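All remarks here apply to the structure that follows.
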Amino acid sequence: MIVGFITQRGDSGFFHFLGYVALIILFARTLLIFPAIAIDVPSASVADRIEAGLSSSRGLFWSTVIGLVMAVLPLMLTEIAPALGEALIDSLHAMNPDWVAAPQFDGGFLTAILDDFLHPLITGVIAALASWLYLWAQEYPFQAAVVPQPPPQI
């Protein structure tokens, strides 16, 4: 909903980029709420659960973002590979129709099939990443760096 709201503000690519950045920030900060719910960590209210998830993800933003990119990017590239193959074949046909005698390729159909198989897999990979990050955050809680104060001058 956030991405849709931001991207409706304009047709430029900047608003789309801004929407996805907002989504990644929100997702990375709230990802650790899921494992806490999965293992039934007690909480008094929804607000307490959200606060516990946000506090457990403190200091893990870049680890979460890098982990998500490394886990999901290969699967997403697999999903768009047929469309890239179709674009390559179409560009070869456009350059010289007689030279390339390759059959027509429907990348959209294959992408739709891969989409149905990969989305549950991507969901499972993200859930596994969230669980591993949650375990790591519980074992090594974030402690803010203490800046040493100079001794008082008398």
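The values are calculated or read from the model by the stated rules, or taken from the named source; none is laboratory data. Not measured: the values here are computed from a predicted model. Cβ sites come from the backbone with ideal geometry, for glycine too, and all protein chains shown count toward neighbours. Just the protein is used for accessible areas: all its heavy atoms, side chains included, with ligands, DNA and RNA removed. Shrake-Rupley method; radii C 1.70, N 1.55, O 1.52, S 1.80 Å.
Numerical summary
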item: Output for segment 49-79, where each listed residue is modelled with pLDDT of 80 or more and open to solvent by 60 Å² or more (accessible area, probe 1.4 Å); result: TRP62, SER63, ILE66, VAL69, MET70, LEU73, PRO74, MET76, LEU77, THR78
item: Whichever residue in segment 88-120 is surrounded by 13 or more Cβ atoms within 10 Å (Cβ to Cβ) and either in contact with a helix residue (DSSP H, G or I) (Cβ under 7 Å, 6 or more places away or on another chain) or under 30 Å from GLY59 (Cα atoms) (or both) and, among such residues, is modelled with the highest pLDDT; result: LEU118
item: Complete set of residues in segment 45-90 that are charged (D, E, K, R) and part of a helix (DSSP H, G or I); result: ASP48, ARG49, GLU51, GLU79, GLU86, ASP90
item: Tally of residues being part of a helix (DSSP H, G or I) and farther than 20 Å from GLY124 by Cβ across segment 24-44; result: 3
